[in-house]
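A.B. asks: If you scroll down you'll find the structure; I have some questions about it.
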């Protein structure tokens with residue numbers, strides 16, 4: 001795949017005004033953001049509200065101007081001149097969170113979808129009509145003969161979102177910019193539409209920038225994910241890389257449902273063996289790909305809920321805990337337990353615990369081959385990951 005879009009050192013700040021001029025402040029929206037898009041991929045900008053992901057999409061489209069940085073489309077820098085702006089806006093199409101932001105409620109569906117062709121003087125009336133029918137079939141709005149005659153208020157929320165997508169793809173842009181397009185849909189419709197979007201993107205092979213705060217959408221749709229926090233990209237990689245090799249504790253907590261557990265532990269050496277202690281309990285971790293080169297001190301131990309086994313018999317390497325609650329999830333159970341004044345989430349298929357009562361004592365067995373260690377005083381640093389085959393020595 002060839003590079004189609006490249007962002008270099010993009011910065012954007014806003015002035016947060018106050019009725020008292022002396023109290024106005026500068027708010028960082030994006031700070032030194034850089035990444036590139038390959039042709040045909042889905043690149044997800046994910047993060048919490050206010051992380052800067054929607055701002056980046058608007059900066060790409062040039063609907064707002066960056067304070068500094070460069071944007072390259074197909075190898076050519078996009079400036080602020082009329083020709084450059086026309087080029088990027090001709091080749092990029094944004095789909096907003098609310099479909100009414102891009103469709104006129106007073107127009108028939110056929111006119112809504114064909115309008116971009118008319119604006120850019122693409123084809124004659126016969127060719128446009130044919131293209132509209134093709135697009136309606138592509139986005140599964142059928143029977144097309146009935147849909148073209150309807151108005152937006154006559155359609156469901158999911159159908160209106162498909163109209164917005166149809167309007168965006170009608171002139172076959174090079175890049176899609178989707179700004180949380182599913183957030184206004186109910187859970188069941190969101191899941192169905194997400195799968196349709198994925199199938200449609202594969203069919204059309206359009207390079208897509210997808211903005212979302214939903215990590216499930218990010219994981220299921222993205223070829224690569226850029227996770228943002230406070231205007232900064234904290235990690236870029238495939239869904240598998242972010243899940244298995246989180247760059248820091250923020251990534252570990254954001255990616256995964258339920259998220260990774262983070263436990264305060266002390267790493268220490270005793271009798272030439274390596275141990276971790278959690279409160280009054282300790283377990284020996286020699287022979288488990290343990291980060292023996294790490295300096296003895298307090299860390300955050302990260303472990304996924306599915307990497308913890310629970311049982312009612314005591315074994316070596318066990319940790320004793322108390323059951324707080326049980327949440328049935330169908331084929332799985334979500335157990336909340338208390339471990340030395342720390343909360344821990346466990347995902348299990350052992351249905352014996354479906355009717356277990358809160359307060360009972362349980363034994364936990366951690367999969368020590370899947371531990372992650374993060375700095376206790378700086379969650380932005382990972383010092384050990386079992387999947388990346390490296391350990392950073394800390395003093």
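A.B. asks: For residues in segment 348-375 being touching a helix residue (DSSP H, G or I) at 6+ places or on another chain (Cβ under 6 Å) and buried (at least 18 other Cβ atoms within 10 Å of the Cβ), which is farthest from residue 262 (Cα to Cα)?
C.D. replies: Per the stated criteria, the residue is 370.
A.B. asks: Do we find that residue 164 is within 12 Å of the chain's Cα centre (by Cα), within 20 Å of residue 58 (Cα to Cα) and part of a helix (DSSP H, G or I) in this structure?
C.D. replies: Answer is no for this residue.
A.B. asks: As an exercise: evaluate residue 188 against (1) under 26 Å from residue 108 (Cβ atoms); (2) out of contact with any strand residue (DSSP E or B) (no Cβ under 7 Å at 6 or more places or on another chain); (3) part of a helix (DSSP H, G or I) and give the number of the one condition it does not meet.
C.D. replies: Here residue 188 meets the rest and fails (1).
A.B. asks: Take segment 141-155 and flag every residue that is surrounded by fewer than 16 Cβ atoms within 10 Å (Cβ to Cβ) and either touching a residue at least 24 places away in the same chain (Cβ under 8 Å) or not assigned by TED's automatic domain parsing to the domain that holds residue 107 (or both).
C.D. replies: 149, 150, 151, 153
Residues checked against (1) more than 30 Å from residue 349 (Cβ to Cβ); (2) modelled with pLDDT of 90 or more:
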residue: 281; (1), (2): no, yes
residue: 286; (1), (2): no, no
residue: 292; (1), (2): yes, no
residue: 300; (1), (2): no, yes
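A.B. asks: For segment 31-67, give me the residue count where each residue is under 13 Å from residue 7 (Cβ atoms), in a helix (DSSP H, G or I) and under 20 Å from the mean Cα position of the chain (by Cα).
C.D. replies: Total meeting the criteria: 7.
A.B. asks: Let me confirm something: among 102, 110, which residue is under 27 Å from residue 62 (Cα atoms) and in contact with a helix residue (DSSP H, G or I) (Cβ under 7 Å, 6 or more places away or on another chain)?
C.D. replies: 102
A.B. asks: Given the options 235, 316, name the one that is in contact with a helix residue (DSSP H, G or I) (Cβ under 7 Å, 6 or more places away or on another chain) and either assigned to a strand (DSSP E or B) or at pLDDT below 90 (or both).
C.D. replies: The match here is 235.
A.B. asks: Would you say residue 138 is over 22 Å from residue 209 (Cβ atoms) and surrounded by fewer than 21 Cβ atoms within 10 Å (Cβ to Cβ)?
C.D. replies: For residue 138, the condition - over 22 Å from residue 209 (Cβ atoms) and surrounded by fewer than 21 Cβ atoms within 10 Å (Cβ to Cβ) - is not met.
A.B. asks: Take segment 260-278 and flag every residue that is under 19 Å from residue 321 (Cβ atoms) and either without any contact (Cβ under 8 Å) to a residue 60 or more places away in the chain or not assigned by TED's automatic domain parsing to the domain that holds residue 346 (or both).
C.D. replies: Selection gives 265, 266, 275, 276, 277.
A.B. asks: Shifting gears a bit: Quick one: in segment 66-85, of everything that is touching a helix residue (DSSP H, G or I) at 6+ places or on another chain (Cβ under 9 Å) and touching a residue at least 24 places away in the same chain (Cβ under 8 Å), which residue is surrounded by the fewest Cβ atoms within 10 Å (Cβ to Cβ)?
C.D. replies: Per the stated criteria, the residue is 74.
A.B. asks: Do we find that residue 108 is more than 20 Å from residue 218 (Cβ to Cβ) and exposed (fewer than 14 other Cβ atoms within 10 Å of the Cβ) in this structure?
C.D. replies: In short, no.
The values are calculated or read from the model by the stated rules, or taken from the named source; none is laboratory data. This one's a predicted model, so the numbers in the text were calculated from it and none came from an experiment. Glycine also receives a Cβ, built like all others from the backbone with ideal geometry; neighbour counts cover every protein chain displayed.
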